[in-house]
Structure formats: C-alpha cells, structure tokens
Amino acid sequence: MRMCKASFALALAVGAWGQGPGGYNPVGPGVSLQGNWGPVFHEDAHERGPGPELVNYLGLPITDGARMYGLAWDASRFTIPEHQCEVHIVSYIYRGPYNLRIWEDRDPVSQRLIAIKQYIDNYQQTRTIWMDDRPHPPDAAPHTWMGFSTGKWDGNILTVYTTHLKWGWIRRNGLRHTDQATLTEHFIRHGDHLTHVSILTDPITLTEPLIKTQDLVLRVQNGQTWLYPCEPVVEIERPRGTVPHYLPGENPFIHEFADQYHIPAEAALGGAQTAYPEYESKLKQAGTK
Amino acid sequence: MRAVAAVLALAAAPGIVLAQGNSGELVTLKVQGNVYVISGAGGNIAVQTGDQGVLVVDTGLAAMSDKVVAAIRKLSDKPIQYIINTHVHPDHTGGNVAVRKAGLTYVGANVTGNLTDAGVGAQIWAQDNVLKRMSAPTGQQAPTPFDAWPTETYLTGRKQLFFNGEPIEIVYQPAAHTDGDSLVIFRRSDVVVAGDIFVTTTYPFIDVDRGGSIQGEVDALNNIMDIAIPGLQDEGGTYIIPGHGHICDQPDLLEYRDMVTIIRDRIQAAIKKGMTLEQVKAAGLTKDYDGRYGAKTGFGTADMFVEAIYKTLTRKK
C-alpha cells in the first residue's frame with residue numbers, strides 16, 4: 001500500500017511535466033522548427049529590396065500622430081552616424097532579406113524546452129523565445145530590438161508574445177511604432193514551408209492591429225551569408241546635434257507616390273480605411289481615379 | 001555546466017530583477033558592472049556597490065525613503081558613503097535626509113572646520129546651484145531641512161571620484177532641465193545617470209523658473225550621446241539610467257534627442273514667422289509625439305514643453 005501511494009505520487013509529479021501515456025515525454029508539445037530558413041523573396045519583393053516609396057502609407061492603420069511623424073521624417077536621417085546601424089525591429093525584420101536559423105535550448109537533464117532561439121543574419125540578431133513560462137520583465141528593464149518574447153504551443157502553432165521593444169519601423173519610409181508596442185506572432189510549419197504571422201499593436205501609432213504574413217522555406221544547402229558587420233561613418237559634415245527633418249507642411253515628396261500611381265494623395269497617406277476593399281468604392285463615389 | 005553558464009550569463013545581463021515587490025513598491029534591477037537602479041520611489045535611484053561601500057545617485061521622494069534605504073541594504077551592507085544629487089527636485093532629493101542618516105563619512109585628522117558633525121551620515125555631492133536652491137540666504141527660511149543639503153559642491157566643469165575601484169565623473173550640464181544638473185558617469189561599469197535631462201516617460205520638464213532652457217537641454221542630450229557608445233549591433237554598450245522610466249542605451253536616447261531637437265526646430269521656425277505662444281500651442285506642433293511623451297497631468301505635458309521652449313528661445317539675452 002505504501003508503494004502504491006508512492007507510485008501514485010510519482011505519476012502525479014510526472015504528469016505535471018506534461019507527459020502522455022507511456023511515461024515521461026521530454027519533447028513536449030508542438031513541432032520542431034529547427035533548421036535554416038530563407039524568405040520567399042518574391043513576396044513583397046519591393047518592400048524587401050529597394051524599400052517602400054516615400055510617403056506611401058497606403059493600407060497601414062496609422063494614427064494622425066504616426067502620419068505626422070512620417071511626414072517629418074527625412075531619409076537624410078540615415079546619414080547621421082548614430083542612425084546608420086539601426087537594427088530592423090523584430091516586428092519588421094522578417095520582411096527583409098535574411099537567413100533565419102532556428103534551434104532549441106533544452107535542459108540537459110530533463111530535456112524540457114527552455115527556449116526556442118533564432119538567429120537572423122540581417123543585423124546579426126539573436127532572438128530568444130522563452131518557453132518556460134517565465135514572466136516578462138518589469139517596466140524599468142531595457143527595451144531591445146528583438147524585445148522580450150515568451151512562447152507557447154497552440155497545437156502545432158508556436159504563438160509568441162513580445163514586449164520591451166524599442167522604437168522601430170512600421171515601414172522604413174518614416175513610419176515608426178513606439179517602444180510601447182507589443183507583438184503577437186504565430187509560426188506555422190507546413191512541411192518544408194514556414195508561415196510567419198505577426199500582429200503588431202501600438203495604441204500610439206496604430207488605430208488597429210497591423211497584421212502581416214510572410215513565408216519561408218527550409219534550406220538544406222549551406223553557404224548562406226550569416227554576417228552583417230556595420231560600422232557608422234560621417235557621410236555629411238553637419239553642426240553637432242543636427243537632425244534632418246521636414247517642418248510641418250514642407251515635405252516635398254508628399255505627392256510623389258500618389259502621382260506616380262495615379263491615386264489620390266489622401267489614399268497614400270494611409271489610415272485604417274485604406275486597408276479595406278470598401279475604400280476603393282468610396283474613392284470611386286468621390287470621383288477619384 | 002552549460003546550465004550553470006546559462007544562469008550566470010543571465011545574471012550578468014542588464015535588467016535582471018533582483019527584487020520586486022507588489023504593485024506600487026520598489027523594483028531593483030542590475031544595470032551592469034557595479035551599478036543598479038531602484039525605480040518606483042519617485043525619480044530613478046542609481047546605486048553603486050563594492051568593497052569600499054555604497055554610492056547612491058539621487059534618493060527619491062521623502063515619503064519613500066524607508067523603502068529606499070531597505071532596498072539599498074538588500075544590495076549591500078557596506079556603509080553608504082556618498083550621495084550624489086543630479087538636480088534639486090524633491091523626487092530626486094527627498095530621501096537625502098534618511099539615506100544620509102543611514103550612511104557615514106570616514107574622517108581623520110586632516111578634516112578642517114567643525115569636527116563635531118564630521119562622520120555623521122554620508123556626504124552629499126551636487127552642483128553648487130542645488131545647494132543654493134535647497135538652502136536660503138542667512139535669515140530666511142530654507143525650503144528643505146539642513147540635513148538634506150549637499151555637503152560638498154562644485155561650480156563648473158566636473159568633479160571626480162574614485163570609489164569601489166571605479167572612476168566616477170560628475171559633469172555639470174548648464175541650464176538644461178534646471179541650472180544645477182549633473183550627469184554621473186560610472187566609467188568602468190559604463191553607465192551614465194542622466195537625471196531628468198532624459199526621461200522615457202514624458203517630454204522633458206524644462207524648469208525655466210529654476211534656470212532650465214531648451215538649448216541647455218539639447219546640449220546635454222548631445223553630451224550624453226557623445227559619451228554613450230552602443231554595443232554590438234547597435235544595442236547595449238553604455239547604459240543610461242534616465243531620471244524616470246526604463247534603463248536605456250544610445251538608440252533609445254537617440255530617439256529622444258531627435259524628438260526634442262525636432263520640436264525645438266519647429267517652434268524656432270514658428271517664432272521666426274512671428275507666431276505668439278498661444279498660436280504655437282494651437283498649431284499642434286507636437287502631435288506626432290504627444291501620444292508617447294505628452295503627460296496628461298503634472299509635469300511633462302505638451303503645453304508645458306512648448307511653453308518652456310518658446311520662453312527660452314524668445315528670452316532676451
């Protein structure tokens with residue numbers, strides 16, 4: 001009877017570690033995402049290569065404040081040394097050209113999954129997605145380009161929640177989200193394909209969540225570039241502390257994208273309504289092309 | 001061994017929680033090297049510990065001082081020997097009396113002047129204008145108690161100290177947030193304490209009545225930019241403890257410096273057009289940043305920021 005009690009207690013203890021029938025299951029739920037992945041480049045190729053046009057905010061649910069920030073942004077700010085090596089924030093970096101390596105960090109004794117790690121060669125970013133139910137840090141902790149991420153498996157979908165972000169691109173034509181933004185992501189594996197869904201929330205710069213998807217394929221061939229050294233240089237001599245920007249109402253590019261694609265300037269300035277099909281009808285009713 | 005290494009690496013990373021109470025209580029985080037930050041007591045408090053003792057930068061609100069002393073004691077039981085005030089405001093100096101009382105000054109035969117109170121409590125260092133504003137001319141009522149006043153001041157340039165094996169510089173930033181601002185630079189730990197020149201919570205509160213100015217604020221932010229060197233891939237490296245808000249590195253400061261500079265430039269352009277203060281306030285020149293930095297009440301509102309910039313840019317020299 002005493003042994004019986006001990007076995008029952010052991011079974012309960014092991015059960016608490018997520019075992020299935022037949023004993024302790026060190027692997028846990030989910031699927032393996034490990035390997036080297038590359039983006040499907042023809043998706044949003046324009047965004048990944050040359051980048052978006054100036055004042056092309058079409059389809060982005062930005063606030064008036066975010067729009068004003070974007071219109072004040074002068075691409076010449078990239079000539080300031082301190083801006084030159086600025087990392088693409090985790091909510092944006094998956095839309096770039098990059099190689100992605102994913103691996104697991106497991107407790108060597110229990111084989112419990114502690115973290116899923118990612119290395120993104122673009123800006124040489126190592127990202128940790130904690131899988132051990134640890135809490136997010138307090139508000140006073142530093143904010144980083146990759147943020148602080150915790151993950152959990154929803155079936156075979158890895159869902160990741162990230163806080164403690166720095167300011168970073170919504171779009172690299174001047175639209176930024178703040179350091180108060182949070183990010184929810186889903187990593188969904190279909191064989192050798194991986195779909196990444198990102199849902200960015202920032203009440204300061206977005207009127208509703210910005211949802212994006214991008215796909216990656218598993219790469220079995222080595223030989224990718226895995227480094228991204230960046231050293232800033234003075235490109236233009238300026239008085240100390242100069243910050244290139246456009247004063248309100250003086251952005252010279254405000255009509256460039258709209259004129260090029262024959263769309264109303266209002267549409268190019270974005271906002272949640274420009275993301276929906278009804279907006280086209282609205283423009284037609286208003287008599288625009 | 002690998003697990004041990006991972007734990008050690010984690011403990012060395014900035015922002016690791018060392019103590020966290022319930023809501024409304026203090027949070028203590030390691031910044032890096034020998035420097036920690038205690039937040040939740042008013043302004044951020046930096047604490048440097050080592051074999052020689054404890055050095056504290058700012059002391060928070062008076063009402064929180066018991067908790068502050070307790071939080072410092074959790075970091076080290078060595079004597080609190082130095083307090084440095086980054087500026088005069090009570091959310092940074094309010095705990096001076098209690099923290100000073102919890103510490104001590106080692107004295108010897110070379111102490112000059114009145115020996116009766118030598119060794120009583122920690123020394124308090126600050127730029128000279130902090131003392132002037134905390135005290136009062138003879139015969140008048142001082143706004144703060146005598147025990148809260150700086151015991152050691154400097155006038156211009158910088159004051160230096162070597163403590164706990166680390167060079168520490170206290171660098172004057174004239175007419176910035178106030179007329180008595182100091183940066184405190186821990187050179188080995190590679191941490192800068194910015195005081196309220198840099199906050200992540202609101203617009204900078206430029207205390208014009210106490211000698212602050214927009215140009216001094218911009219200059220001071222650029223001075224911190226010059227000191228701070230980002231680490232690998234533009235992150236970490238030199239850490240900056242703002243007067244309020246989260247631990248920062250240079251890219252965080254850069255965003256803030258850009259914001260302050262851009263708004264200054266806009267208001268300067270509006271003044272050149274002949275706009276009045278009320279017209280500038282009504283023009284919404286800060287709308288792109290109000291959601292992030294515009295305090296709804298108290299210090300650091302958009303109106304206060306605009307007014308301070310306007311007043312100091314139009315002030316007759």
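The values are calculated or read from the model by the stated rules, or taken from the named source; none is laboratory data. Since the structure is predicted, the reported quantities are computational estimates derived from the model, not experimental observations. Note: ideal-geometry Cβ built from the backbone for every residue, glycine included; neighbour counts use all protein chains shown.
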Check your understanding: Just a yes or no: is a residue in the stretch B:211-219 part of a helix (DSSP H, G or I), under 21 Å from B:Asp179 (Cβ atoms) and facing chain A (nearest Cβ under 8 Å)?
Key -> yes
Point to revise | From A:Tyr261, A:Tyr228, A:Tyr279, residue being surrounded by 15 or more Cβ atoms within 10 Å (Cβ to Cβ) and farther than 30 Å from A:Ile157 by Cβ | key: A:Tyr279
Point to revise | From the options B:Ile247, B:Ile241, B:Ile224, residue that is at pLDDT 95 or above and touching a His at 6+ places or on another chain (Cβ under 9 Å) | key: B:Ile247
Review point. When the stretch B:117-131 is examined, which residues are found to be free of Cβ contacts under 8 Å to residues at least 40 places away in the same chain and out of contact with any Leu (no Cβ under 9 Å at 6 or more places or on another chain)?
Key: B:Asp117, B:Ala118, B:Leu131
Revision key, fill the gap. Of the residues in the stretch A:154-200, those that are closer than 25 Å to B:Gln233 by Cα and hydroxyl-bearing (Ser, Thr, Tyr) come to A:Tyr161, A:Thr162, A:Thr163, A:Thr178, A:Thr182, A:Thr184, A:Ser198
Point to revise | Test: B:Thr261 is closer than 26 Å to A:Arg238 by Cα and of a type outside the set (Asp, Glu) | key: yes
Point to revise | Subset of the stretch B:3-58 (residues that are of a type in the set (Ser, Thr, Tyr) and modelled with pLDDT of 95 or more) | key: B:Thr28, B:Tyr36, B:Ser39, B:Thr49
Check your understanding: Does A:Phe253 satisfy the criteria of being surrounded by 14 or more Cβ atoms within 10 Å (Cβ to Cβ) and not in a loop (DSSP other than H, G, I, E, B)?
Key -> no
Revision key, fill the gap. Over the stretch A:196-212, the set of residues surrounded by fewer than 21 Cβ atoms within 10 Å (Cβ to Cβ) and among the β-branched types (Val, Ile, Thr) is A:Val197, A:Ile199, A:Thr201, A:Ile204, A:Thr207, A:Ile211
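For every residue, the table says whether it meets (1) part of a loop (DSSP other than H, G, I, E, B); (2) touching a Cys at 6+ places or on another chain (Cβ under 9 Å); (3) surrounded by 13 or more Cβ atoms within 10 Å (Cβ to Cβ); (4) within 11 Å of another protein chain (Cβ to nearest Cβ).
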residue: A:Thr159; (1), (2), (3), (4): no, no, yes, no
residue: A:Arg176; (1), (2), (3), (4): no, no, yes, yes
residue: A:Thr184; (1), (2), (3), (4): no, no, yes, no
residue: A:Leu194; (1), (2), (3), (4): no, no, yes, no
residue: A:Gln214; (1), (2), (3), (4): no, no, yes, no
residue: A:Leu218; (1), (2), (3), (4): no, no, yes, no
residue: A:Val233; (1), (2), (3), (4): yes, no, no, no
Check your understanding: For A:Gly168, are the conditions met, namely being crowded, with 23+ Cβ neighbours inside 10 Å, touching a residue at least 24 places away in the same chain (Cβ under 8 Å) and within 11 Å of chain B (Cβ to nearest Cβ)?
Key -> yes
Practice item. Can you tell me which residue among B:Pro204, B:Pro137, B:Pro167 is part of a loop (DSSP other than H, G, I, E, B) and either free of Cβ contacts under 8 Å to residues at least 24 places away in the same chain or basic (Lys, Arg) (or both)? Key: B:Pro137
Practice item. Would you point out the residue of the stretch B:102-134, among those that are assigned to a loop (DSSP other than H, G, I, E, B) and touching a helix residue (DSSP H, G or I) at 6+ places or on another chain (Cβ under 6 Å), that is modelled with the highest pLDDT? Key: B:Ala122
Review point. On the given criteria, is A:Asp215 in contact (Cβ under 8 Å) with a residue 24 or more places away in the chain and among the charged types (D, E, K, R)?
Key: yes
Exercise for review: Scan the stretch B:222-245 for residues that are more than 8 Å from chain A (Cβ to nearest Cβ), assigned to a helix (DSSP H, G or I) and either of a type in the set (Ser, Thr, Tyr) or surrounded by 21 or more Cβ atoms within 10 Å (Cβ to Cβ) (or both) and jot them down.
Suggested key: B:Ile224
Check your understanding: Where residues in the stretch B:246-276 are surrounded by fewer than 22 Cβ atoms within 10 Å (Cβ to Cβ) and outside any helix (DSSP H, G or I), which of them is farthest from the other protein chains (Cβ to nearest Cβ)?
Key -> B:Thr276
Check your understanding: Quick one: in the stretch A:132-148, which of the residues that are under 20 Å from A:His186 (Cβ atoms) and without any contact (Cβ under 8 Å) to a residue 40 or more places away in the chain is surrounded by the fewest Cβ atoms within 10 Å (Cβ to Cβ)?
Key -> A:Asp133
